[in-house]
Amino acid sequence: MGVGLGAAVIGSLYTVKELFLAVVIAAVGVGMVELVKAFGTRQIGVPLVPVLAGMAAMLAGAYWGGPGWLLAIFAMTVVALMVWRMFRGTDGYVRDVTATVLVTVYPSLLAGFVALLLAQDQGPDRVVVFIATTVASDIGGYVAGVLFGRHKMSPVISPKKTWEGFAGSALACMAVGGWLTVWLLEAEIWKGVVIGAVVVVLATLGDLVESVIKRDLGIKDMSSVLPGHGGMMDRLDSLVAAVVPVWALLSLFV
């Protein structure tokens, strides 16, 4: 499934960009379904259809309207969801609304910045730089962790993460970021290295945040939709955490 998803991403990016936007909406939608179901195991109610509709509207607004539309649709979505929950009564209102807003921000609002990347000049190339640099964090961290991992980064939150793995992630991110920024965007290599350095920090923190959520909910993986990799959110956690600074840095540098 991972190979198929990668082919769908590249194929849609360089043919009809709106198809890639649909791929993003589908992938983020699967991740949101996983989050809603995970919250449900603790009797935390998040209305699935409204949050999915809000997410799709945010991504479409960001792509066709820009940052202002993304922010405006996000704000309207939050208010609508608060009103939606109000009609179910007062018991657990704050708990449910808090979780609902969390899902509306993570991953929905953050994913909107992928649409902003796509809408810019050289949008497909910018998206490739973002995705490839972030994925390099996972690959570099896994290889270095398996070969050299000794010192645990955060045993309570994520027992498998090591500082050696983090070093591997950093080297991979900066190398891929530097290479792709020069090749695809024709910018100075140092700009790509800076982007890679920022990505490795945010991608690692994003992975740890999702680990905390899963531990609090008492689950190992969000789902088994990706055999051998867990759920969609287990793949998206690094991406949604890194996309905002990558969008900001690319807007500044390129």
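The values are calculated or read from the model by the stated rules, or taken from the named source; none is laboratory data. Just so you know, these numbers come straight off a predicted model, no measurement behind them. All Cβ positions, glycine included, derive from the backbone under ideal geometry; neighbour counts span all protein chains shown. What goes into the accessible areas is simple: the full protein's heavy atoms, side chains included, and nothing from ligands, DNA or RNA. Shrake-Rupley method; radii C 1.70, N 1.55, O 1.52, S 1.80 Å.
Assorted remarks:
- The value of relative contact order for the chain, using C-alpha pairs under 8 Å at least six residues apart, is 19 percent.
- Ordering 137, 251 by accessible surface, largest first, gives 251, 137; the 1.4 Å probe counts only protein heavy atoms, with every chain in place.
- An oblate overall shape is assigned to segment 44-170, the ratio a/c of its alpha-carbon gyration tensor axes (a ≥ b ≥ c) being 1.5 or greater and a/b not exceeding b/c.
- Segment 17-115: chymotrypsin sites (Phe, Trp or Tyr not before Pro) falling in loop per DSSP and having at most 14 other Cβ within 10 Å: 87
- Within the accessible area of the chain (1.4 Å probe), percent carbon and sulfur: 73 percent
- Nearby aspartates and glutamates by direct alpha-carbon distance to residue 160 (threshold 20 angstrom, same-chain neighbours under 8 apart not counted): 138, 207, 210, 216, 221, 234, 237
- Computed on the Cα trace of segment 95-143, the radius of gyration divided by the Kirkwood hydrodynamic radius gives Rg/Rh = 1.16.
- Range of Cα positions in segment 17-65 per principal axis (Å), largest first: 38, 17, 12
- With all protein chains kept in place, the per residue accessible area of segment 22-100 amounts to 50 square angstrom at a probe of 1.4 angstrom.
- Helix-only arithmetic for the chain: the sum of -39500 (n - 2.57) across DSSP H runs with n ≥ 4, divided by the residue total, places the mean residue ellipticity at 222 nm at -26500 deg cm²/dmol.
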